[in-house]
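Undergrad: Input: one structure, supplied below.
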Amino acid sequence: MSSGHRWPATAATVLTAVLLATQPAAAGPVTAPAQAPTEAPITLAAGERALIRFQLPDEAAVDRLLASGADVAARPRAVPGAILLDVVVDDRELGALTGGGATAVQLIQRESDGARRLTESRTVAPAAADTLQFLQAYWWTTGGRTFLQTQVATTATDDPDAEITVTWRTASGATGSYPLIRFEDAGEYQYHYALPQPLPAQPVTITATSSLGGTSRAITPQAWPGSTPPALPSGYQKDFIDAYMTPADISARIRRLHRQYPALVDVIKLPNKTQGYRRTASAYLGDPAAAAVVVESVRFGDEGMNGVQVRTVDPGRPNRALGASYRDRVLTVRLATDAGGKVISSTDEVAAFITARFPQRFRAFVEVGSAGLPMPVVAPVRLDDGLEGTEVPRGPQTVQALRIGKVRDGSRPGVLAYSQEHAREWATPLVTLEFAERLLANYATDPATRELVDSTDVFIIPTVNPDGANYSFNDFNFQRKNLVNHCTGAARDPRNRDSFGVDVNRNYAVGSYFDGYVGGSPNCLSGTHAGTGELSEAESRNVVALATRYGNIRFSLNVHSYGGYFMWSPGAYKVPGRVTLPRPSIDESKFFLDSAKRIVGAIAAERGTVTWPAYTGPVADVLYSAAGNSADHLYYDLGITAWNFEVGNDRWNDATGQWEGVGFQPPFDEAQAEAQEYAGGLVELVRIARDQASQP
Ligand SMILES: [Zn+2]
């Protein structure tokens with residue numbers, strides 16, 4: 001209810017004064033002209049108060065009105081050329097305002113409306129109860145088992161003790177319920193959810209209830225994804241992958257496809273060579289558990305530095321200064337001595353001396369814990385890069401892309417699929433290569449495939465990060481990043497070798513760590529190290545170069561593993577406040593979701609794997625904030641409709657009643673199945689590109 005009249009008795013006079021001084025005060029009219037001449041004028045009975053929206057002549061009038069103590073209820077959004085303000089006025093004040101140049105444009109609510117509103121409010125739930133709303137409610141059947149997944153939002157966003165339960169009922173009357181889990185992200189309440197729940201049959205009604213007393217409307221869950229791809233003709237060829245593939249295997253496959261289908265395939269060499277499968281050579285000079293200096297080559301180990309020897313010697317004479325020589329691939333450091341011939345060099349002195357004396361050849365730093373200790377005499381140790389792969393070429397690599405299409409002149413809508421930004425995600429190149437093979441192998445025999453390949457322009461980068469992939473295959477299978485080591489000083493310790501590198505998918509230039517977004521790290525040893533700056537890495541520059549050079553690319557899919565996600569922008573937010581990159585428009589969001597349902601349906605067609613509705617959506621909402629990821633760069637900077645797969649969906653274990661993760665390098669049969677189903681998803685993306693291009 002209104003808290004009473006806040007204006008002084010002379011309000012009408014004051015209001016006239018605070019408005020346009022150039023206009024004479026009108027002589028107390030109680031009728032004001034409405035905004036549109038066809039509408040009835042807004043009038044008040046004598047002494048009646050009402051909430052009215054006014055259009056004011058200028059900002060200064062607003063400021064004066066506020067300063068006068070007027071009962072201003074709201075400041076509606078500005079419209080071009082108009083300043084709107086909602087004010088509680090009586091009949092005299094209404095007259096004064098309109099006489100002063102204001103226009104009453106809407107009578108929002110009369111004083112007498114209060115009693116009626118109060119009556120209406122009796123049907124509303126008690127104030128303590130929260131309001132519940134289903135954000136998602138989907139069911140599906142896979143492998144003979146029906147699942148239900150729900151997300152519910154409560155208005156009790158700040159109450160961590162609010163417990164929400166979903167109750168379901170099937171057509172035969174079976175019922176059950178399950179609790180939801182509160183989900184917060186970056187300190188902000190998002191919603192309550194649960195993993196997909198097994199049900200005996202399709203649910204026909206579900207309701208959510210809260211421990212605070214709230215009850216949702218009963219709703220009927222929708223079928224997910226509610227889309228199936230066109231049936232494949234008999235004789236459709238698939239299953240072209242026999243084993244996990246190293247970068248060398250992938251290069252060979254690219255060469256073979258080019259040779260086999262010369263009319264349909266170009267091979268594009270991307271412009272930025274990678275560092276290569278290489279690393280500097282280093283060794284501990286001394287015992288790292290006692291006192292040691294790390295000596296490292298400036299050049300890479302394969303550039304003649306593997307096997308170089310380093311030693312310290314006691315000169316055997318008094319009063320010698322610290323000295324060093326490098327001869328015949330042996331670095332000899334002669335330690336300093338005092339007047340009695342005792343060795344007196346410290347670790348710090350030796351490290352600094354080596355770095356200063358041979359800046360083109362060596363750098364050295366004190367091992368953590370060895371600072372200020374006497375430098376021991378050390379028998380020769382060999383520098384080594386520690387790389388185990390003997391069959392891997394060491395030099396910089398050219399990253400390759402396949403271009404597939406009948407007409408490859410930029411006139412057809414382009415689709416870009418790229419995989420293995422993250423080295424350890426071994427299944428991902430299998431997805432993109434299976435996809436390439438399907439388009440090419442079925443071209444001659446399947447009219448639908450031919451029509452697709454004739455009407456689109458498909459670009460595929462099977463491995464964005466071949467150096468990291470080689471390291472993952474030969475040295476450390478969980479390698480995620482590339483092999484470029486940006487660490488300085490003691491962080492370059494060889495014990496950190498499995499933590500060097502840049503996270504390629506955090507090195508792009510939109511919503512990056514460098515822009516203040518969450519999910520990338522400045523720490524060179526972090527799994528999400530963002531690099532030394534946006535696009536500091538050859539790998540990320542290559543993806544941007546391809547997407548920029550071929551301006552007909554309208555759609556992209558960034559293939560990662562694992563977890564079974566299908567995502568789009570925004571992919572990052574800032575804290576505090578969890579401020580995401582701009583949301584797509586409502587129309588665009590609908591296109592993202594509608595297309596996602598088609599692609600999820602195509603994935604499911606292969607072996608029934610259903611990507612969960614809760615894992616289908618913007619990256620920042622369904623996974624986490626990934627500052628500087630490639631899809632955000634392609635979407636916001638280049639206008640490409642950019643998606644992300646996380647292949648490798650959790651599998652339902654009926655015996656344990658649990659969802660089980662598959663990991664980065666599952667047994668090959670699982671990886672092969674992932675390649676099949678997600679290649680089917682990529683083919684559906686090409687259909688979407690074709691369909692979009694054919695629309696006006
Ligand atoms: Zn990844």
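The values are calculated or read from the model by the stated rules, or taken from the named source; none is laboratory data. Everything numeric in this text was worked out from a predicted model, so none of it was measured. Neighbour counts run over all protein chains shown; Cβ positions are idealised from the backbone, glycine included. What goes into the accessible areas is simple: the full protein's heavy atoms, side chains included, and nothing from ligands, DNA or RNA. Shrake-Rupley method; radii C 1.70, N 1.55, O 1.52, S 1.80 Å.
Undergrad: Considering the Cα positions of segment 204-334, please state its Rg to one decimal place and its Dmax as a whole number of Å.
TA: Every Cα atom of segment 204-334 included, Rg and Dmax give 32.6, 94 Å.
Undergrad: How much accessible area per residue does the chain have, in Å², with a 1.4 Å probe? Please report the intermediate quantities before stating the final value.
TA: Details: 29570 Å² over 696 residues.
Using a 1.4 Å probe on heavy atoms only, each residue of the chain averages 42 Å².
Undergrad: Between Asp498 and Ala290, what FRET efficiency follows from the Cβ-Cβ distance if R0 is 22 Å, with the result rounded to 0.05?
TA: 0.35
Undergrad: For segment 70-211, what is the Kirkwood hydrodynamic radius in Å, using each pair of distinct C-alpha atoms? It would help to have the intermediate numbers written out before the result.
TA: On the way: mean 1/r = 0.0506 Å⁻¹.
After inverting the mean inverse Cα-Cα distance, the result is 19.8 Å.
Undergrad: Still on this structure, please answer the following. How many angstrom lie between the C-alpha centres of segment 125-197 and segment 603-681?
TA: When both Cα centres are located, 23 Å separates them.
Undergrad: Under a 1.4 angstrom probe, counting protein chains only, how are Arg259, Arg320 ranked by accessible area, largest first?
TA: Working: Arg259 170, Arg320 95 Å².
Listed by decreasing accessible area, they come as Arg259, Arg320.
Undergrad: While we're on this one: Taking the Cα centre of segment 221-275 as the origin, how large is its charge dipole in debye, to the nearest 20, when only Lys and Arg (+1) and Asp and Glu (-1) carry charge on their Cβ atoms? Could the numbers behind the result be given before it?
TA: Values: 7 positive and 4 negative charges, 59 e Å.
Roughly 280 debye for segment 221-275.
Undergrad: For Met305, what accessible surface area do you get with a 1.4 Å probe? Give it in Å², rounded to 10.
TA: 0
Undergrad: Leaving out ligands, DNA and RNA but keeping every protein chain, what accessible area does Ser499 have, in Å² rounded to the nearest 10, with a 1.4 Å probe?
TA: 40
Undergrad: Can you tell me the equivalent ellipsoid semi-axes for segment 356-400? Use √(5λ) from the Cα gyration tensor, largest first, whole Å.
TA: Over the Cα atoms of segment 356-400, the semi-axes work out to 32, 15, 12 Å.
Undergrad: Please give the Cα centre distance for segment 519-582 versus segment 230-265, rounded to the nearest Å.
TA: 27
Undergrad: Here is a follow-up. Any idea what the dipole of segment 81-188 comes to, in debye rounded to 20, about its Cα centre with Lys/Arg Cβ at +1 and Asp/Glu Cβ at -1?
TA: Values: 8 positive and 15 negative charges, 137 e Å.
Dipole magnitude for segment 81-188 comes out near 660 debye.
Undergrad: Ordering Asp650, Asp63 from largest to smallest accessible area (1.4 angstrom probe), what's the sequence?
TA: Details: Asp650 40, Asp63 90 Å².
Output order, biggest surface exposure first: Asp63, Asp650.
Undergrad: Take the residue pairs Lys269/Lys574; Lys406/Lys597; Lys269/Lys406; Lys481/Lys574; Lys481/Lys597; Lys273/Lys574 and return only those whose Cα atoms are more than 26 Å apart. Write out the running numbers ahead of the final one.
TA: Numbers: Lys269/Lys574 36 Å; Lys406/Lys597 28 Å; Lys269/Lys406 19 Å; Lys481/Lys574 23 Å; Lys481/Lys597 31 Å; Lys273/Lys574 33 Å.
Too far apart for the 26 Å limit: Lys269/Lys574; Lys406/Lys597; Lys481/Lys597; Lys273/Lys574.
Undergrad: Considering all alpha-carbon pairs of segment 422-499, what whole percent are spaced by more than 13 angstrom? List each step's numbers first, then the result.
TA: Details: 2168 of 3003 pairs.
The share of Cα pairs beyond 13 Å in segment 422-499 comes to 72 percent.
Undergrad: Suppose we keep just the alpha-carbon trace of segment 570-688; what are its Rg and Dmax in angstrom?
TA: Here Rg and the maximum Cα pair distance are 15.7, 48 Å.
Undergrad: Output the 0 to 90 degree angle, nearest 10, between the alpha-carbon long axis of helix 427-441 and the longest principal axis computed from the alpha carbons of the chain.
TA: 80
Undergrad: Let me ask something additional. Kindly list the residues of segment 390-416 that lie in the label zone of Ala263, defined by a backbone N under 16 Å from the point 7 Å along the Cα-to-C-beta vector.
TA: Residues 404-408 fall inside that zone.
Undergrad: Carbon-plus-sulfur fraction of the accessible area of the chain, 1.4 Å probe, in percent?
TA: Working: 15290 of 29570 Å².
The C+S portion of the solvent-accessible surface of the chain is 52 percent.
Undergrad: Leaving ligands and nucleic acids out of the surface, order Ser694, Ser227 by accessible area at 1.4 Å, largest first. Write out the running numbers ahead of the final one.
TA: Working: Ser694 90, Ser227 30 Å².
Of Ser694, Ser227, the descending order of accessible area is Ser694, Ser227.
Undergrad: Treating the Cα atoms of the chain as identical point scatterers in vacuum, please give the log10 of the normalised Debye intensity I(q)/I(0) at q = 0.06, 0.08, 0.10 Å⁻¹, two decimals.
TA: -0.55, -0.82, -1.01
Undergrad: Place +1 on the Cβ of every Lys and Arg and -1 on the Cβ of every Asp and Glu in segment 212-270, take the dipole about the Cα centre, and give the residue among Trp224, Ser251, Gly235 whose Cα lies farthest towards its positive end.
TA: So the residue furthest toward the plus end is Ser251.
Undergrad: Another question about this same structure. Which value, in Å² and to the nearest 10, is the accessible area of Tyr517 when all protein chains are kept and the probe is 1.4 Å?
TA: For Tyr517, the solvent-accessible surface is approximately 40 Å².
Undergrad: Return the FRET efficiency for the residue pair Glu48, Arg77: r is the Cβ-Cβ distance, R0 is 45 Å, and the value is rounded to the nearest 0.05. Please report the intermediate quantities before stating the final value.
TA: Numbers: r = 28 Å, r/R0 = 0.62.
Between Glu48 and Arg77 the formula returns 0.95.
Undergrad: Quick one: go through segment 137-177 and flag any residue whose amide nitrogen is under 11 Å from the point 7 Å out along the Cα-to-Cβ line of Thr205.
TA: 168-171, 173
Undergrad: Can you give the FRET efficiency for Ser521 and Lys406, using 1/(1 + (r/R0)^6), R0 = 41 Å, r = Cβ-Cβ distance, to the nearest 0.05?
TA: Details: r = 44 Å, r/R0 = 1.08.
After rounding, the FRET efficiency stands at 0.40.
Undergrad: Moving to a separate point now. Which of the aspartates and glutamates could a cross-linker bridge to Lys590, judged by Cα under 19 Å and excluding same-chain residues fewer than eight apart?
TA: Asp621, Asp632, Glu684, Asp691
Undergrad: Now for a different question. From the helices alone, meaning DSSP H stretches of at least four residues, give me the mean residue ellipticity at 222 nm for the chain, per-run term -39500 (n - 2.57), in deg cm²/dmol to the nearest 500. Intermediate values should be presented prior to the final figure.
TA: On the way: 13 runs with 157 residues, N = 696.
Roughly -7000 deg cm²/dmol at 222 nm, from the helical runs in the chain.
Undergrad: Another question about this same structure. Please give, to one decimal in nm, the separation of the simple spin-label points placed at Ser694 and Arg311, each 7 Å out from Cα toward the Cβ.
TA: Modelled inter-label distance: 7.7 nm.
Undergrad: Next up: How far apart, in nanometres, would the label points at Leu593 and Thr398 be if each is projected 7 angstrom from Cα along the Cα-to-Cβ direction?
TA: Using points 7 Å along Cα→Cβ, the separation is 4.6 nm.
Undergrad: While we're on this one: Provide the gained length on full extension for the span Arg329 to Ala444, in nm with one decimal, where the gain is 0.36 nm per separating residue minus the Cα-Cα distance.
TA: 35.4 nm
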